[in-house]
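Inspection log for the structure reproduced underneath, given as structure tokens.
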Amino acid sequence: MTNQYQPLLDDFTFDNGISLKNRVVMAPMTNFSSNEDGTVSDSEVNYYIRRSKGAGMVITACAYVSPSGKGFPGEFGTHNDEMIPSLRRLAESIKQEGAKAVLQVFHGGRMCPPDLVPDGDVVSASAVAPEQQTATGEQPLPRELTDEEIQSVIRDFGESARRAIEAGFDGIEIHGANGYLIQQFFSPHSNQRTDRWGGTIKERMAFPLAVIDEVKSAVKKHAKEPFLVGYRFSPEEPETPGITMDETLLLVDELAKKQLDYVHVSLMDFWSVPRRGVDDTRSRMEIIQERVGNKVPVIGVGSIYSADDALKAIKTGVPLIAIGRELIIDPDWVQKIEEGRASEIQTKLKKDAQHELVVPDALWQAIINTPGWFPVEENQ
């Protein structure tokens, strides 16, 4: 009998030859569970092992590239060579279960809690505080990075790519989304510079594109076999001024020219529509797919829980679907679809299932204590 969800199970091959066994990607999600020294913990490794049997590709939680970029308590790092054995353990744990392993890297910029960065020195594109809260509820006024410091952070992204290669990852994802440093340079809210790194939209793109160039250069120099380079971005910001959909379409045009292996849209809802900037009632995902999908593979994401949700999403033409929260709720999501048991997929979190689901304590507490973050099964 033909599986009606076969489009989700078909293999996919990137232009560089790396092949995925299906179209399902585990989305990157912070888990707050690493060791204090920035190494990966046992509980994190077990969490990823539990979720790497089904998905074709696993994108890790974001790892900070510079000591000044640590954005969360319990976050692992790629900031020096001492991290390579820890990173290798994570990569091997994911790959041995059959998924490709991609390391997401970032710098938190103005969203970093002062107590997590050296001397409490929070930095950004400009000295503009965030309107949204940081992980610990603080909203520090950041210090504007100097030109020399900017170039140093760019080099840190390249060095993190080298470490990812040495650790055995299959690829790296540059985290240019969710209000962190790369997005801070692109945003007219957080970037009020008047030098080569800010001003016009072209100058606000300079930092993200320089990071991509540095990472790709490191891959060309150090990778002895195909290695993926992806880029994640948020299409719009709520702030005024803030990133608008028309600006993002100009950014994705430039991303498509960089010969990236994929672009990954960061959305809470796959079907969300533009807030401003374009006269188009279609979803952001459909607009982006139409704009660059014939030039670079697009990963879609956002509140996809059931097999039917994913099937509807992939029918838009987006070749890869990322699921995050749902893989915490049901780590066997893909296997159930493969086995014709899609009706058995759990789409609401069971509050007493932490150990069964192999979720680290810190992540579980964050989930339970953040109302509305996860759909929760009632009447337990």
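I'm checking my understanding of the structure. Among residues of the range 238-269 that are β-branched (Val, Ile, Thr) and either modelled with pLDDT of 95 or more or crowded, with 18+ Cβ neighbours inside 10 Å (or both), which one is farthest from LEU103 (Cα to Cα)? Filtering the range 238-269 for residues that are β-branched (Val, Ile, Thr) and either modelled with pLDDT of 95 or more or crowded, with 18+ Cβ neighbours inside 10 Å (or both), the one farthest from LEU103 (Cα to Cα) comes out as THR244. Do you know which residues across the range 270-302 are more than 18 Å from ARG23 (Cα to Cα), crowded, with 20+ Cβ neighbours inside 10 Å and not β-branched (Val, Ile, Thr)? Residues satisfying the conditions are PRO274, SER283, ARG284.
Reported count of residues in the range 349-374, each being closer than 30 Å to LYS21 by Cα and surrounded by fewer than 15 Cβ atoms within 10 Å (Cβ to Cβ), is 4. Answer with yes or no whether GLY171 is crowded, with 24+ Cβ neighbours inside 10 Å, modelled with pLDDT of 95 or more and closer than 16 Å to VAL219 by Cα. For GLY171, the condition - crowded, with 24+ Cβ neighbours inside 10 Å, modelled with pLDDT of 95 or more and closer than 16 Å to VAL219 by Cα - is met. Within the range 346-380, the residues that satisfy the criterion of being without any contact (Cβ under 8 Å) to a residue 40 or more places away in the chain and hydrophobic (A, V, I, L, M, F, W, C) are LEU349, ALA353, TRP364, ILE367, ILE368, VAL376. Of a type outside the set (Asp, Glu), touching a Phe, Trp or Tyr at 6+ places or on another chain (Cβ under 7 Å) and either crowded, with 24+ Cβ neighbours inside 10 Å or farther than 21 Å from PHE185 by Cβ (or both): does that describe GLY77? Spelling it out, GLY77 is indeed of a type outside the set (Asp, Glu), touching a Phe, Trp or Tyr at 6+ places or on another chain (Cβ under 7 Å) and either crowded, with 24+ Cβ neighbours inside 10 Å or farther than 21 Å from PHE185 by Cβ (or both). Evaluation of PHE185 against the conditions (1) among the aromatic types (Phe, Trp, Tyr); (2) open to solvent by 10 Å² or more (accessible area, probe 1.4 Å); (3) under 14 Å from LEU251 (Cα atoms) shows that the sole unmet condition is (2).
All but one of (1) more than 30 Å from THR240 (Cβ to Cβ); (2) part of a helix (DSSP H, G or I); (3) open to solvent by less than 40 Å² (accessible area, probe 1.4 Å) hold for ARG88, so report the exception by its number. Result: ARG88 passes all but (3). How many residues does the range 9-38 hold that are farther than 21 Å from TRP373 by Cα, in a loop (DSSP other than H, G, I, E, B), open to solvent by 30 Å² or more (accessible area, probe 1.4 Å) and touching a Phe, Trp or Tyr at 6+ places or on another chain (Cβ under 9 Å)? Total satisfying the criteria: 4. If the condition is being of a type outside the set (D, E, K, R) and outside any helix (DSSP H, G or I), then the range 220-240 contributes ALA223, PRO226, PHE227, LEU228, VAL229, GLY230, TYR231, PHE233, SER234, PRO235, PRO238, THR240. Of the residues in the range 149-161, none is more than 14 Å from SER66 (Cα to Cα) and open to solvent by 20 Å² or more (accessible area, probe 1.4 Å). Residue count for the range 142-165, restricted to those that are among the acidic types (Asp, Glu), in contact with a Ser or Thr (Cβ under 9 Å, 6 or more places away or on another chain) and assigned to a helix (DSSP H, G or I): 3. For the residues ASP309, ASP330, the requirement of being open to solvent by less than 30 Å² (accessible area, probe 1.4 Å), modelled with pLDDT of 95 or more and either over 16 Å from the mean Cα position of the chain (by Cα) or not β-branched (Val, Ile, Thr) (or both) singles out ASP330.
Within the range 192-211, the only residue that satisfies the criterion of being surrounded by 18 or more Cβ atoms within 10 Å (Cβ to Cβ) and β-branched (Val, Ile, Thr) is VAL211.
For the range 40-65, the set of residues classified as open to solvent by less than 30 Å² (accessible area, probe 1.4 Å) and either more than 21 Å from TRP333 (Cα to Cα) or in a strand (DSSP E or B) (or both) consists of VAL40, SER41, MET57, VAL58, ILE59, THR60, ALA61, CYS62, ALA63, TYR64, VAL65, listed by residue number.
The values are calculated or read from the model by the stated rules, or taken from the named source; none is laboratory data. Values in this document were obtained by computation on a predicted structure and should not be read as measured data. Heads up, the Cβs are rebuilt from the backbone with ideal geometry, glycines too, and the neighbour counts pull from every protein chain shown. Ligands, DNA and RNA are stripped out before the accessible areas are found, and what is left, the full protein with its side chains, is counted by its heavy atoms. Shrake-Rupley method; radii C 1.70, N 1.55, O 1.52, S 1.80 Å.
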